[in-house]
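Each remark here refers to the structure printed beneath this line.
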Amino acid sequence: LATCYLHLGRRDEARKLGKAGKPHGTVVTSDEQTSGRGRQGRSWYSPPGDNLYLSLLLRPPLEPRAVPLLTLCAGLAVFETASDVLRECGVSISPLLLKWPNDLLAQTPSGLRKVSGVLTEMTLASGRCDFVIVGIGVNLLGRDFPPSVPATSLLQLVPSWTLVLSVHDFAIRLLEKFEPLYQRFLRDGAPWVTGAFAEKATLTSPGMPVTISTAAGMIAGESLGLDHDGALLIRKDDGFVERVLAGD
């Protein structure tokens, strides 16, 4: 990124730095989170030392309606970085699945388990985007997760002796992946990022049956893929096409 400062802290610290005028590209990392959270106020299991907890401060020249697409850029960066790591560790068939709109999952013998999540939050000033905090959590080196937490880590997906990677190294590689994706988004716009994400997000490929939990209730039907603004299009049983901006 054009400017990169390292601080200790969490997303709340990143927001303080944004309000204090810190520059685009400021990175906030934390060894541990005592109040890690995901979308809709959910908690994020955040033990110390094992995983990446990173918040990225951006000041993008985007209209507010385009800012949510930064979530897709970050998701692509995590997917590509994690996929590279697994290949380097000799995993020939990747178990990773990019899940719309903001998760990275892994297929394990116990079913789908979460590896990473992205949460993007925008602060407005006079109706325009002042700054954006892109929060990224990646389970890297964790060995044990509570039974109530359907998660796994990159370490659990490879023979343990082949994963020689620090949290700091993964963070650097992730930022190096994110930068060109971000610049491409700024140059080529929403159609490029939604197309690139949809290509990788096979769980919501056109024709796939999907059931989405939203704030307004459950929506089930056939995926038609992503709209130009990143919304998921679902054809319901009655033929009506629903545009879903966020859900599980």
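The values are calculated or read from the model by the stated rules, or taken from the named source; none is laboratory data. On a predicted model such as this, the values are computed, not experimentally measured, just so you know. Here the Cβ is made from the backbone with ideal geometry for all residues, glycine too, and neighbour counts use every protein chain on show. All accessible areas refer to the heavy atoms of the entire protein, side chains included, with ligands and DNA or RNA removed. Shrake-Rupley method; radii C 1.70, N 1.55, O 1.52, S 1.80 Å.
This table checks each residue for (1) crowded, with 19+ Cβ neighbours inside 10 Å; (2) more than 16 Å from residue 248 (Cα to Cα); (3) hydrophobic (A, V, I, L, M, F, W, C).
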{"residue": "134", "(1), (2), (3)": "yes, yes, yes"}
{"residue": "137", "(1), (2), (3)": "yes, yes, no"}
{"residue": "172", "(1), (2), (3)": "no, yes, yes"}
{"residue": "186", "(1), (2), (3)": "no, yes, yes"}
{"residue": "218", "(1), (2), (3)": "no, no, yes"}
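Determine the pairs where a residue that is within 13 Å of residue 56 (Cα to Cα), located within the range 172-192, has a partner that is among the aliphatic types (A, V, I, L, M) and open to solvent by 50 Å² or more (accessible area, probe 1.4 Å) with Cβ atoms under 9 Å apart, the partner being 6 or more residues away or on another chain.
175/1; 178/1; 179/1; 179/2; 182/1
Take residue 113 and tell me if it is more than 20 Å from the chain's Cα centre (by Cα) and under 24 Å from residue 31 (Cβ atoms).
In short, no.
Which condition does residue 114 not pass, out of (1) of a type in the set (D, E, K, R); (2) under 30 Å from residue 206 (Cβ atoms); (3) modelled with pLDDT under 95, if it passes all the others?
With respect to (1) of a type in the set (D, E, K, R); (2) under 30 Å from residue 206 (Cβ atoms); (3) modelled with pLDDT under 95, residue 114 is out only on (3).
Give 180, 191, 209 a once-over and let me know the one that is touching a His at 6+ places or on another chain (Cβ under 8 Å), open to solvent by 70 Å² or more (accessible area, probe 1.4 Å) and not charged (D, E, K, R).
Exactly one residue qualifies, and that residue is 191.
Going by the conditions given, is residue 219 more than 29 Å from residue 140 (Cβ to Cβ) and hydrophobic (A, V, I, L, M, F, W, C)?
yes
Only one of 123, 81 is assigned to a strand (DSSP E or B) and modelled with pLDDT of 95 or more; which? Can you show your working first?
Working: 81 fails: assigned to a strand (DSSP E or B).
Unique residue meeting the criteria: 123.
Return yes or no: is residue 197 surrounded by 12 or more Cβ atoms within 10 Å (Cβ to Cβ) and touching a Cys at 6+ places or on another chain (Cβ under 6 Å)? Even if it seems obvious, please write down each step before you answer.
Numbers: surrounded by 12 or more Cβ atoms within 10 Å (Cβ to Cβ): yes; touching a Cys at 6+ places or on another chain (Cβ under 6 Å): no.
In short, no.
For the range 154-167, state whether one or more residues are aromatic (Phe, Trp, Tyr) and either surrounded by 12 or more Cβ atoms within 10 Å (Cβ to Cβ) or at pLDDT 95 or above (or both). Walk me through it before giving the result.
Our first condition is that a residue be aromatic (Phe, Trp, Tyr); within the range 154-167, this holds for 161.
Keeping just the survivors that are either surrounded by 12 or more Cβ atoms within 10 Å (Cβ to Cβ) or at pLDDT 95 or above (or both) gives none.
Checked the range 154-167: no residue is aromatic (Phe, Trp, Tyr) and either surrounded by 12 or more Cβ atoms within 10 Å (Cβ to Cβ) or at pLDDT 95 or above (or both).
Taking the range 117-140 as the region of interest, how many residues are more than 9 Å from the chain's Cα centre (by Cα) and either within 16 Å of residue 202 (Cα to Cα) or not hydrophobic (A, V, I, L, M, F, W, C) (or both)?
Residues that pass the stated criteria total 7.
Does the range 192-206 contain any residue that is part of a strand (DSSP E or B) and more than 24 Å from residue 136 (Cα to Cα)? Explain how you work it out, then say what you get.
Keep residues of the range 192-206 that are part of a strand (DSSP E or B), which gives none.
Scanning the range 192-206 turns up no residue that is part of a strand (DSSP E or B) and more than 24 Å from residue 136 (Cα to Cα).
Being modelled with pLDDT of 90 or more, over 20 Å from residue 114 (Cα atoms) and open to solvent by 10 Å² or more (accessible area, probe 1.4 Å) narrows it down to one of 21, 25, 9, so name that one. First the steps, then the outcome.
Details: 25 fails: open to solvent by 10 Å² or more (accessible area, probe 1.4 Å); 9 fails: modelled with pLDDT of 90 or more.
One residue alone meets the criteria, 21.
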